[in-house]
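No lab work stands behind these numbers, since they all come straight from the coordinates. Please read these numbers as outputs of a predicted model, since none were measured by experiment. Don't worry about glycine lacking a Cβ; one is built from the backbone with ideal geometry, like all the others, and counts go over all protein chains shown.
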Amino acid sequence: MSKHHHNAPLPDTVLRVKALESLLIEKGLVDPEALDELIDTYETKVGPRNGAAVVARAWCDDNYKQRLLTDASAAIGELGFSGRQGEDMVVLENTPDVHNMVVCTLCSCYPWPVLGLPPVWYKSAPYRARAVIEPRAVLAEFGVTLDDDVEIRVWDSTAEIRYLVLPMRPTGSDDLDEHALSGLVTRDSMIGVGLPQAPVQQNR
Amino acid sequence: MPVLTAKQVEPELRRGSSTRMAVDVDPRFRVGDEVITRKMNPRGHTRLPRYARGRRGIVVRDHGVFIFPDRHAADGLKTPQRLYSVRFSHHELWGPNHDRPDVTRAGFPPINASIFLDLFDEYLESL
């Protein structure tokens, strides 16, 4: 079980999942080894570090960034990330004038190959309902306050396109290499409800 | 239905299953076209959310041709349909209510926000 309480499912849900799992295995509908492999994939292999690598590459390589904005699925595939729930990707670039954020009001659509599985709040009714009607208030609750003249663009993933936000490169990060930069990219900054971390100031 | 084995997990996830169709369907709309979404209340599945029915927007991107999910959910048929990204102003969807709880008085300028939805061809009519 996750130690992150704000992401932890309710105990009832845990019990229900355990009951369903044993029933499905008992009836031969699910191979428990395949189930372990699936869980291992999304717990240890596929997650927001993938997306962070994409963002850091785009920050360092302008040609890559152009490819990413033109054909995101192919550019993300160049770094080895592809597949389920990321078959048809679009990348949204944040600028000083435009801030993008992503929601799925119909369910919980999310770009798995670059971000892993969605956090519980992303699937919750309040986030889904409020993101499209009061985006600025929702962003403020995530700690993001933007000037009134910054246009907010909310992308509701109503079909099979999956969205990844390309956040702005933090100021003061000019000296950092691609690997160090990827460490500043948070999951929330790629959903558009957060900003990348500021680089730690080196004592000179 | 065959049961997924552990060895199949990695290649299956990597391959994914795009709903994009290699079929050409003439676009009824072009980028920049003004459109209005249909008012509809189907009994079955649809990807046109209630909050965006009967609203005016602008086509900003043509995503290409995909399986039309409303039909696919109804009878399993994979019919091709064009998918567009359509941009709506916050004011068009929600009226004059303001995004900031401290500013609710009438006459305040609409908030600087747009909402983009991916909408299938038959959800849209020309304006």
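Here the Karplus curve 6.51 cos²θ - 1.76 cosθ + 1.60, taken at θ = phi - 60°, turns the phi angles of segment A:75-89 into couplings of 5, 5, x, 4, 8, x, 9, 6, x, 3, 6, x, 5, 10, 9 Hz, with x standing for Gly and Pro. Listed by chain and number, the lysines whose C-alpha is less than 21 Å from the C-alpha of A:Lys123, apart from same-chain residues fewer than 8 away, are A:Lys3, A:Lys18. Over chain B, Cα pairs under 8 Å with separation of 6+ residues give a relative contact order of 26 percent. Database remark: amide H of A:Met89 closer than 5 angstrom to the amide H of A:Ser73, A:Arg162 (H placed geometrically; neighbours at sequence offset of 5 or more, or on other chains; Pro and chain starts carry no H).
Within a straight-line Cα-Cα reach of under 13 Å, A:Lys65 can be paired with the following aspartates and glutamates, leaving aside sequence neighbours fewer than 8 residues apart in one chain: A:Glu78, A:Glu93. If you take the square roots of the eigenvalues of the alpha-carbon gyration tensor of segment A:48-191 and sort them as a ≥ b ≥ c, do you get rounded (a/c under 1.5), prolate (a/b over b/c) or oblate? Oblate shape, in that a/c is at least 1.5 and b/c is the bigger or equal ratio. Applying a DSSP loop filter and a limit of 11 other Cβ atoms within 10 Å to the chymotrypsin sites (Phe, Trp or Tyr not before Pro) in segment A:85-138 leaves nothing. I'd like the isolated cysteines in chain A, meaning no second cysteine's beta-carbon lies under 4.7 angstrom from theirs. Unpaired cysteines in chain A: A:Cys60, A:Cys107. All distinct Cα pairs of the protein assembly as shown go into the 1/r average, and the inverse of that average, the Kirkwood radius, is 21.5 Å. For segment A:48-191, the relative contact order comes to 35 percent (Cα pairs under 8 Å, sequence separation of at least 6). Phi angles of segment A:149-156 translate, via the Karplus equation with coefficients 6.51, -1.76, 1.60 and θ = phi - 60°, into HN-Hα couplings of 7, 7, 6, 9, 10, 9, 10, 8 Hz per residue; Gly and Pro are given as x.
For chain A, the membrane-span-like helix rule (DSSP H, alpha carbon extent of at least 20 Å along the helix axis, mean Kyte-Doolittle at least -1.0) picks out A:11-26; this says nothing about an actual membrane. Per residue of the protein assembly as shown, the DSSP helices (runs of n ≥ 4 H) give a summed -39500 (n - 2.57) that works out to -8500 deg cm²/dmol at 222 nm. Phi angles across segment A:190-197 convert, under the Karplus curve 6.51 cos²θ - 1.76 cosθ + 1.60 with θ = phi - 60°, into 3J(HN,Hα) values of 8, 8, x, 9, x, 10, x, 5 Hz, Gly and Pro given as x.
Distances between placed amide hydrogens fall under 5 Å for B:Arg55 paired with B:Thr37, all partners being 5 or more residues away or on another chain. Within the same chain, lysines fewer than 8 places from B:Lys7 are excluded, and of the rest, those with a Cα less than 21 Å from its Cα are A:Lys27, A:Lys45.
Result for chain A in a Gaussian network model with C-alpha springs under 10 Å: among A:Leu139, A:Leu176, A:Leu117, the largest mean-square fluctuation is at A:Leu176.
To the nearest ten degrees, helix B:6-15 and the longest principal axis of the Cα atoms of chain B are 50 degrees apart. Amide H contacts under 5 Å for A:Trp155: A:Met101, A:Val102, A:Val103, B:Phe116, restricted to partners 5 or more places along the chain or on a different chain, H placed in the peptide plane at 1.01 Å from N.
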